[in-house]
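Enquirer: Mind looking over this structure? Questions follow.
The values are calculated or read from the model by the stated rules, or taken from the named source; none is laboratory data. What you see is a predicted model, and the numbers here were worked out from it, not measured in a lab. So basically every Cβ, Gly included, is an ideal-geometry build from the backbone, and we count neighbours across all protein chains shown. Side chains included, ligands, DNA and RNA excluded: accessible areas come from the protein's heavy atoms. Shrake-Rupley method; radii C 1.70, N 1.55, O 1.52, S 1.80 Å.
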Amino acid sequence: MRTERRGVSAEDRRIAGLAALAIAIHVLEAGFPSPVPGIKPGLANVVTLVVLLRHGVLTAAWVAALRVLVGSLLVGSFMTPTFWLSATGAVCAFAAMATAYGIGRALPPLRLSAIGLSALAAMAHMSGQFMVAWQFFIPHPGLLSLLPLLLGMALVFGLVSGWIAQQVLARMAPPTPAT
């Protein structure tokens with residue numbers, strides 16, 4: 001009996017499963033109330049970080065993109081300001097994380113841990129979201145008063161997410177070689 005369909009690889013199934021996990025976390029987190037708009041733990045990013053460190057940049061990019069797209073469709077925010085803020089944050093976070101990951105692979109003394117990558121990604125995420133909010137949605141000087149709180153919370157949640165990712169990676173079985 002053949003288990004692999006024509007055109008569907010093991011990597012495709014891996015991406016689908018990991019994206020589904022990230023999407024489920026994203027949807028659950030969207031239901032949590034937030035005392036300050038724009039502050040969410042971002043726990044779905046743990047999945048992206050684990051995927052980056054375990055499976056590489058391309059697989060992590062697919063997981064992140066599918067999470068934002070499908071997650072926004074499921075929570076009803078597709079093409080709304082929330083979607084654009086989420087997409088911008090995800091792109092900025094992923095770009096920062098992937099760049100730092102690549103530099104760390106090329107120059108091992110500069111390699112960041114999961115915690116460092118996550119903190120960097122969280123700060124990039126919030127910075128990107130803030131720039132889009134300021135430029136397109138709320139170009140008011142009062143928004144600047146929220147920036148220290150938003151960046152501070154991003155750093156805290158980034159450190160927590162990185163610690164969780166580090167714990168997950170430490171408990172995972174070693175990757176199996178590709179056949």
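Enquirer: For residues that are touching a Phe, Trp or Tyr at 6+ places or on another chain (Cβ under 8 Å) and open to solvent by less than 70 Å² (accessible area, probe 1.4 Å), tally how many sit in the range 119-145.
Expert: Count: 4.
Enquirer: Still on this structure: Being open to solvent by less than 60 Å² (accessible area, probe 1.4 Å), modelled with pLDDT under 95 and more than 15 Å from the chain's Cα centre (by Cα) is the requirement here; does GLY71 meet it? Explain how you work it out, then say what you get.
Expert: Working: open to solvent by less than 60 Å² (accessible area, probe 1.4 Å): yes; modelled with pLDDT under 95: yes; more than 15 Å from the chain's Cα centre (by Cα): no.
So GLY71 fails the test.
Enquirer: Note down all Cβ pairs under 7 Å where the first residue falls in the range 63-86 and is in a loop (DSSP other than H, G, I, E, B), the second is of a type in the set (S, T, N, Q), and they're at least six residues apart or on different chains.
Expert: Pairs that qualify, where the first residue is in a loop (DSSP other than H, G, I, E, B) and the partner is of a type in the set (S, T, N, Q), are PHE78/SER72.
Enquirer: Then there's this: For the list (1) buried (at least 17 other Cβ atoms within 10 Å of the Cβ); (2) more than 23 Å from VAL27 (Cα to Cα), I need the number of the one condition that ILE103 fails.
Expert: (1) is the only condition that ILE103 fails.
Enquirer: Just the residues that are open to solvent by less than 50 Å² (accessible area, probe 1.4 Å) and touching a residue at least 12 places away in the same chain (Cβ under 8 Å), please, taken from the range 1-24.
Expert: ILE15, LEU18, ALA19, ALA22, ILE23
Enquirer: Working only within the range 1-50, note down all residues that are under 18 Å from ALA122 (Cβ atoms) and touching a Phe, Trp or Tyr at 6+ places or on another chain (Cβ under 6 Å).
Expert: PRO41, GLY42, listed by residue number.
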